[in-house]
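Everything below concerns the one structure shown next.
Please treat every number below as a calculation from the coordinates, not as lab data. Fair warning: this is a prediction, and the values are worked out from it, not measured in the lab. A quick note on method: Cβ atoms are made from the backbone with ideal geometry, for glycine too, and the neighbour counts reach across all protein chains shown.
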Amino acid sequence: KAGVTQTPRYLIKTRGQQVTLSCSPISGHRSVSWYQQTPGQGLQFLFEYFSETQRNKGNFPGRFSGRQFSNSRSEMNVSTLELGDSALYLCASSLRLAGEWGSYNEQFFGPGTRLTVL
Amino acid sequence: KQEVTQIPAALSVPEGENLVLNCSFTDSAIYNLQWFRQDPGKGLTSLLLIQSSQREQTSGRLNASLDKSSGRSTLYIAASQPGDSATYLCAVRPSGGYQKVTFGTGTKLQVIP
């Protein structure tokens, strides 16, 4: 069974540009979460999607947005990039949404997308 | 607001030693707790998941325990090997509705041959 895949693996952008990152969850998984990881702030939750709906959102500005498609694939978009957006962006998938009956919600992570903003 | 702390931030041990990594959380109303390892520049690899109703989980040389009342989880690694060198993170998912996962700050482990 293929794991979580993220594309692209590396990106270099300049300030003011926008970027779209993609995540394909494990087959059959319906929940996708996004995280930002930086040396200073550690791993921070961005948002979680389930059934094409955003179910939870972290404390990030509106420049960060995402969506989920009917096949559970997800994209996140960052507009008007700032130097501080340089980070490793990680996507995680799980079988169900937290709270669903019988759900253990084990998260499986992709390799990440390394974004560098110059 | 849930806060998750991992102490120590870094740990260096000789190969073969048994070791314990700690994870503390401030709100005991959790749904589950998951332990991960992360190699430099890579994604996270799931090690163990403990549901709130469980006290411990085991996988190979790894054993994770959970004590909700004291807000603590420990990851025990038996007979450590150089390949265990990585950063270990714990993540807590609170109970009650659509709650976000909070990660600890991580413990960077180095096992010296």
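Positive end of the dipole of chain A (Cβ unit charges, origin at the Cα centre): among A:Ile12, A:Leu46, A:Val78, the Cα lying farthest that way belongs to A:Ile12. Other residues with beta-carbon under 11 Å from the beta-carbon of B:Ser80 carry, at +1 per Lys or Arg and -1 per Asp or Glu, a net charge of -2. Simple rule: put +1 on each Lys or Arg Cβ and -1 on each Asp or Glu Cβ in the protein assembly as shown, find the dipole, and look at B:Leu19, A:Asn56, B:Thr107; the Cα lying farthest toward the positive end is A:Asn56. Our coupling estimate for region B:51-57, obtained by passing each phi through the Karplus curve with A = 6.51, B = -1.76, C = 1.60 and θ = phi - 60°, is 6, 4, 7, 9, 9, 7, 9 Hz, Gly and Pro reported as x. Remark: the protein assembly as shown carries a charge dipole of roughly 520 debye about the Cα centre, counting +1 on each Lys and Arg Cβ and -1 on each Asp and Glu Cβ. Couplings 3J(HN,Hα) of region A:112-117, computed from phi: x, 10, 8, 9, 10, 10 Hz, in residue order, whole Hz [Karplus 6.51 cos²θ - 1.76 cosθ + 1.60, θ = phi - 60°; x for Gly and Pro]. About its Cα centre, the dipole of region A:24-118 is roughly 100 debye, where the only charges are +1 on Lys and Arg Cβ and -1 on Asp and Glu Cβ.
Straight-line cross-link reach from A:Lys57 at under 23 Å between alpha-carbon atoms covers these lysines, not counting any fewer than eight positions away in the same chain: B:Lys1, B:Lys100.
Sorting B:Ser70, B:Ser85 on the 10 Å Cβ count, fewest up front, what's the list?
Working: B:Ser70 10, B:Ser85 19.
Placing the least packed residue first, the sequence is B:Ser70, B:Ser85.
A simple rule links phi to the HN-Hα coupling: the Karplus curve 6.51 cos²θ - 1.76 cosθ + 1.60 with θ = phi - 60°, which for region B:63-73 gives 9, 10, 10, 9, 10, 5, 4, 9, x, 9, 9 Hz, with x for Gly and Pro.
Placing +1 on each Lys and Arg Cβ and -1 on each Asp and Glu Cβ, with no other charges, gives chain B a dipole about its Cα centre of roughly 320 debye.
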